[in-house]
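Below is one structure, written out as structure tokens; comments come after it.
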Amino acid sequence: MSIQDKYDFIIIGAGCAGLSLAYRLIDKKFKVCILESSSDIYKKNKLWSFWDIYKTPFNHLIQKKWNYLLIKNCSDTVKINCNNYKYQSINSHDFNNYILKKIKKNKNINIEYSSKVEKISQRNKIVYVKTDKKELKCNHVFDSRPENKKIYMTQQFFGAYIRSDNEIFDDNYPILMEFSNTKNNFHFMYFLPFSKKTALIESTYFSSNKESKNLDENYINKYMENNYKNEGFVIEKKEFGMIPMDVNINGESYNYITKIGSNSGVTRASTGYTFINIQKQCDGLIKKILKNDKNIRTRKNFHSLLLRKMDSVYLNIVKDDPAYMKSALIKLFKTKHHNAQIRFLSDIPSILDIIKIIFYLPKKKFLLYAIGIKEKND
Ligand SMILES: Cc1cc2nc3c(=O)[nH]c(=O)nc-3n(C[C@H](O)[C@H](O)[C@H](O)COP(=O)(O)OP(=O)(O)OC[C@H]3O[C@@H](n4cnc5c(N)ncnc54)[C@H](O)[C@@H]3O)c2cc1C
């Protein structure tokens, strides 16, 4: 096998993190190669939603913004005011199109599809990246591959992009969580209405087990029948996936490899939100790269110790007592400290925000879990 090319940087993965970093390297003095195992990155469709708390270079791709979000269970509906931090979505196909078009026009970045990276090693300060086809050389690797290790909990979902015959959706009110009336699992519907006729409806679990029930078209059809009886509709596209929820995923690696993206621990363990954190991570990295900083490693833990501790308590309760956690969340959002709650969910809480969150959560159970004492379920 011959060693063919020498790059400044090799980016492994043309997903959200790989392309976000590549975008920031366009037209810079570095020679960059992106290695992507898939032959077609458009096969997977993702809709990245987030609160407007951080300016990204991709804001013009935002498909829709909302001023409110609802949280529901069978007896309550809470309206979260997002006027200060609008909830908004970007489609991964628009994102890919925008970045790939720019990459194509410039000469410093090369993408190789169907190139599965198998091994990374370093000899005499040169990094060797071996794919299933060839070996490449570079100075530094940015790696967004998921690791094959046991994850504490995952967000598992199946979503359908609906087009209805009639104007049936209220597109001012997306639903962040509509809890199903089940005691023993943390299952909810996520609903994003883009217009009166189009919406994404997603059946979602936070679970430590592999779930399959209710993650299919039948469940979506049932949801439509229950909520929009006898209305005609078609499913235009499907979206499914798994997001890691684990406070122990981190960015630790060798000094010639920088982990990026979900695999480096930027995904918020309690929520799965990742997109904005990837943008923050890439903004930080590009600053270091352009300053010729020799230490371009990301910090080991993206999130503070306090947020990781709070998320760990939350995930433990979701696992042990999902019914309790579902009602605790409804109670929390009813307190109407929505700006503080959004900042907390978006990883930018002030100390006062954290105090407000802790103050309005049921204290006994959370405190017992925080000190490692698990209560028996009723
Ligand atoms: C369907 C879906 C919806 C989501 N919605 C949201 C949302 O609303 N808001 C939000 O903030 N986050 C969301 N997320 C979470 C997160 O934003 C995404 O998962 C995001 O795509 C993570 O980007 P990434 O680059 O870390 O990983 P990926 O996008 O998975 O990219 C990794 C890339 O590496 C490639 N690869 C893997 N192994 C190899 C190998 N050996 N060699 C070469 N290439 C390899 C893969 O093919 C892939 O293209 C969602 C996730 C999913 C799955």
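Odds and ends about this structure:
- To put it simply, the accessible area of the stretch 305-370 at a 1.4 Å probe is 70 percent carbon and sulfur.
- Taking one quarter of the surface of the C-alpha convex hull of the stretch 153-245 gives a mean projected area of 5.8 nm².
- Per-atom-type breakdown for the stretch 1-146 gives carbon and sulfur 45% of the accessible area (1.4 Å probe, protein chains only).
- Pairs beyond 22 Å (Cα-Cα), from K259/K280; K116/K213; K55/K79: K116/K213; K55/K79
- Basic side chains Lys and Arg get +1 at the Cβ, acidic Asp and Glu get -1 at the Cβ, and with that the dipole of the chain about its Cα centre reaches some 1460 debye.
- A cut-off of 5 Å between modelled amide H atoms, ignoring neighbours fewer than 5 places along the same chain, links K237 with Y161.
- Given charges at Cβ of Lys, Arg, Asp, Glu: the chain dipole, positive-most of I162, P193, F333: F333
- Under-5 Å amide H pairs with Y273, H placed in peptide plane, nonlocal only: R268
- Taken over the stretch 99-188, the alpha-carbon convex hull comes to 243 cubic angstrom per residue.
- Cα gyration tensor shape of the stretch 305-370, rounded if a/c is under 1.5, else prolate or oblate by comparing a/b with b/c: oblate
- Accessible area of the chain divided out per residue, in Å², using a probe of 1.4 angstrom: 49 Å²
- When the Cα positions of I220, N181, I10 are compared along the charge dipole of the chain, I10 comes out farthest toward the positive end, with charges on each C-beta of Lys, Arg, Asp and Glu.
- Along the stretch 227-238 the Karplus relation, 6.51 cos²θ - 1.76 cosθ + 1.60 evaluated at θ = phi - 60°, assigns HN-Hα couplings of 9, 9, 3, 6, 7, x, 7, 10, 9, 8, 8, 10 Hz to successive residues, with x for each Gly and Pro.
- When each of the peptides 322-328, 255-261, 236-242 is scored by the mean number of other C-beta atoms lying within 10 Å of its residues, the order from highest to lowest reads 255-261, 322-328, 236-242.
- ³J(HN,Hα), Karplus 6.51/-1.76/1.60, whole Hz, each residue of the stretch 242-255, x for Gly, Pro: 8, 10, x, 10, 7, 6, 8, 6, 9, x, 5, 7, 6, 6
- Volume of the Cα convex hull of the chain, divided per residue and given in Å³: 150 Å³
- The HN-Hα couplings worked out from phi for the stretch 128-143 by the Karplus form 6.51 cos²θ - 1.76 cosθ + 1.60 (θ = phi - 60°) are 10, 10, 9, 9, 6, 10, 7, 10, 10, 10, 7, 8, 7, 10, 10, 10 Hz, whole numbers, x standing for Gly and Pro.
- Estimated from helices alone, the mean residue ellipticity of the chain at 222 nm is -8500 deg cm²/dmol (sum of -39500 (n - 2.57) over DSSP H runs with n ≥ 4, per residue).
- What separates the Cα centres of the stretch 234-248 and the stretch 47-91 is a distance of 17 Å.
- Given in Å, the Rg to one decimal and the Dmax to the nearest whole number for the Cα atoms of the stretch 208-322 are 19.5, 62.
The values are calculated or read from the model by the stated rules, or taken from the named source; none is laboratory data. Note that the structure is a prediction, hence the values are computed from the model and not measured. In this analysis, Cβ positions are derived from the backbone assuming ideal geometry, glycine residues included, and neighbour counts consider all displayed protein chains. Heads up: the accessible areas ignore ligands, DNA and RNA and are worked out on the full protein's heavy atoms, side chains in. Shrake-Rupley method; radii C 1.70, N 1.55, O 1.52, S 1.80 Å.
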